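The values are calculated or read from the model by the stated rules, or taken from the named source; none is laboratory data. It should be emphasised that the depicted structure is a prediction, and the values quoted were computed from it without experimental measurement. Because the Cβ atoms are built from the backbone with ideal geometry, glycine has one as well, and the counts that use them run over all protein chains shown.
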Amino acid sequence: MKNYFTPSLSLRWFHQIAEFLQIAKLAMVVLLMAAAMDFSRAQEIGVNAEINIVGGTKPIHVTLDGFSPEVAAILRFDLYVQGFDFVSADTAQYSIHGVGSGNVAGTVTDNVARKMILSRSYNGASMRRQAHAFADDIVQTILNLKPIGQTKIAFKVQPGGIGPGEIYVADFDGYDAQRITTDGAIVAKPAWVPRELAVYYTSYAPGNPDIYYHNLTTGQRRIIAAYSGLNTSAAVSPDGSRVAMVLSKSGSANIWVCGADGSGLRRVTTGVEDSSPAWSPDGRWICFATKKAERRRLAKVPADGGQVEYLSTAGAPNPTEPDWSPDGKWIAFTSQTGEFDICVIPAEGGGTPILLVPGQNPSWSPNSRTLIFNRHGGGGYREVLSVLDVFTKQYKDCARAPGSSSQAAWAR
């Protein structure tokens, strides 16, 4: 067979292949070094690799500059309670920079990707509203979460910490608190009507704990439940058509459900000391606290009545005050040992309760990431409202009305 390759040509071909492999090897080394440098840089500036780990997610590192003190304070509050933390410029994953003066305007730069990801300016509202709107846009851009900066809370205020009080409404951070009742009596458990400026709450003004509906726009007010005994803890279904509540009209405190106007009342539990109803986001279930074998338990029952299912809170005894996250994934509740603690469990069950911070009366924000709760705030019976990022455990106290503030409900 004739050889078409001369020795000189074969050798030249061999050297060309070797040279190509050497170049490829050097290119691979350069790429690996670049990747290592990028990884090191990402670690240095705090890239958030842990997502949605309750109580264990690392905060996203940002830097903030160029804003007025008022605007900067609002941005710091809003972002901190949604999983951001403020660091020096050389270690920040994102840089938030104020532009110009007068109205709020700013940019956000991704320091890892080395590009601007957000540029916004605002007008036509107060500086507070503009600052909240910018915070909302930042959170939506980076975390893809539903905004909470311009949401409302309802809560009770007791000047002396105990005894008579009134229901207040405020921005979610506690600012612009407005009293909406003049009962001059013990009040409790405000609950928002979804997508409306209206609340249900309990008042002892008639001498008996009765449930009222109060429309904040029209001032309309009417009694929904005024049966003999206890009428309290109204919870409105996600579509606003039904109300769950605790009544003792049949002798023991149980969960009952009626229409939004109080009609069509139906008993759905028959346990011992049932309390604190909370709806699932799809409106099919009601979570509540009860007693079984002399132990406080969490349970859920079909909203139309049926078989009660018990939820495990092993390690978090005496659970009460459950609240179901709007995304359906979590149930927050209060556990009581020597003190009150805020805990979270997976709504589908099977998970170990995660203790977050001392406090009680948790209520989820619309974005299913943040909770508002009350904690002991000093001497006597004084309580303070606080806002908590569930995943990083970061929290801040709210500015509050005079007196003791508690039992906040977040409008959704």
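Brief remarks follow.
- Among the candidates ASP261, ASP282, residue that is under 25 Å from the mean Cα position of the chain (by Cα) and part of a loop (DSSP other than H, G, I, E, B): ASP282
- For the stretch 83-198, the strands (runs of 3 or more DSSP E) that sit wholly inside it and include 3 or more residues that are in the same structural domain as GLN360 (by TED's automatic domain parsing) are 152-158, 166-171, 187-192.
- Which numbered condition GLU383 fails, given (1) crowded, with 24+ Cβ neighbours inside 10 Å; (2) more than 22 Å from ALA170 (Cα to Cα): (2)
- Conditions (1) at pLDDT below 95; (2) touching a Lys or Arg at 6+ places or on another chain (Cβ under 9 Å); (3) of a type outside the set (D, E, K, R): number failed by ALA411: (1)
- Remark: pairs (first residue in the stretch 201-213, under 13 Å from ALA154 (Cβ atoms); second residue modelled with pLDDT of 95 or more and part of a loop (DSSP other than H, G, I, E, B); Cβ separation under 6 Å; 6+ apart in sequence or on different chains) = THR202/PRO209.
- Every residue from the stretch 77-115 that is of a type in the set (D, E, K, R) and surrounded by fewer than 19 Cβ atoms within 10 Å (Cβ to Cβ): ASP85, ASP90, ASP110, ARG114, LYS115
- Inspection of the stretch 283-291 finds no residue satisfying the criterion of being among the small types (Gly, Ala, Ser), assigned by TED's automatic domain parsing to the domain that holds THR352 and out of contact with any Asp or Glu (no Cβ under 9 Å at 6 or more places or on another chain).
- Among the residues of the stretch 151-191, just one is polar (S, T, N, Q), surrounded by 15 or more Cβ atoms within 10 Å (Cβ to Cβ) and under 24 Å from the mean Cα position of the chain (by Cα), namely THR151.
- Residue count for the stretch 285-340 under the criterion of being under 23 Å from the mean Cα position of the chain (by Cα) and within 30 Å of LYS146 (Cβ to Cβ): the result is 30.
- Consider the stretch 285-318 and keep the residues that are in contact with a Cys (Cβ under 9 Å, 6 or more places away or on another chain) and not in a loop (DSSP other than H, G, I, E, B). The one that is surrounded by the most Cβ atoms within 10 Å (Cβ to Cβ) is LEU298.
- Here GLU321 meets each of (1) over 17 Å from ALA234 (Cβ atoms); (2) acidic (Asp, Glu); (3) crowded, with 23+ Cβ neighbours inside 10 Å with one exception, condition (1).
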